[in-house]
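As structure tokens, the structure follows; a few thoughts come after it.
The values are calculated or read from the model by the stated rules, or taken from the named source; none is laboratory data. What you see is a predicted model; the values in this text were computed from it and never measured. Glycine gets a Cβ as well: all are built from the backbone with ideal geometry, and neighbour counts include every protein chain shown.
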Amino acid sequence: MSKQLLRSGTSIGANISEALCAQSKKDFYAKMYIAYKESSETLYWIDMLFKNGYITDVQHESIRKDSLELVKMLSAITKTQNNPKSRQSSEKQTANY
């Protein structure tokens with residue numbers, strides 16, 4: 001389980017790094033969506049480590065809280081990138097500043 005957590009956890013950062021160097025908006029979305037899926041998987045492995053007694057309640061609560069926040073951020077990014085109306089709205093807001 002810990003090896004799975006290591007793989008999915010490190011994949012998040014790697015995919016975000018790739019997204020930041022994306023060649024197109026479609027490529028950016030694809031990499032960010034992979035990061036989102038990996039963050040969701042990481043949350044699963046954190047829960048499994050706790051349920052099987054590998055981490056304490058305090059450790060689980062802290063790590064899970066941080067991981068859930070990352071899942072939410074990546075979810076918001078992918079939803080915004082995938083929704084043309086959201087993109088137009090955020091572009092208009094940015095233009096006002």
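LEU49: among the aliphatic types (A, V, I, L, M), at pLDDT 95 or above and under 14 Å from the mean Cα position of the chain (by Cα), yes or no? No. Determine, yes or no, whether GLY13 is at positive phi and modelled with pLDDT of 95 or more. Against the criterion (at positive phi and modelled with pLDDT of 95 or more), GLY13 does not qualify. Of everything listed in (1) surrounded by fewer than 19 Cβ atoms within 10 Å (Cβ to Cβ); (2) in contact (Cβ under 8 Å) with a residue 24 or more places away in the chain; (3) of a type outside the set (Lys, Arg); (4) touching a Leu at 6+ places or on another chain (Cβ under 9 Å), the single unmet condition for HIS60 is (2). Restricting segment 15-45 to residues that are under 11 Å from VAL71 (Cβ atoms) and of a type in the set (A, V, I, L, M, F, W, C) leaves a set whose member that is surrounded by the fewest Cβ atoms within 10 Å (Cβ to Cβ) is LEU43.
Conditions tested, residue by residue: (1) touching an Asp or Glu at 6+ places or on another chain (Cβ under 6 Å); (2) part of a helix (DSSP H, G or I).
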position	(1), (2)
LEU5	no, yes
SER11	yes, yes
GLU18	no, yes
GLN23	no, no
ASP27	no, yes
TYR33	no, yes
TYR36	no, yes
SER39	no, yes
LEU43	no, yes
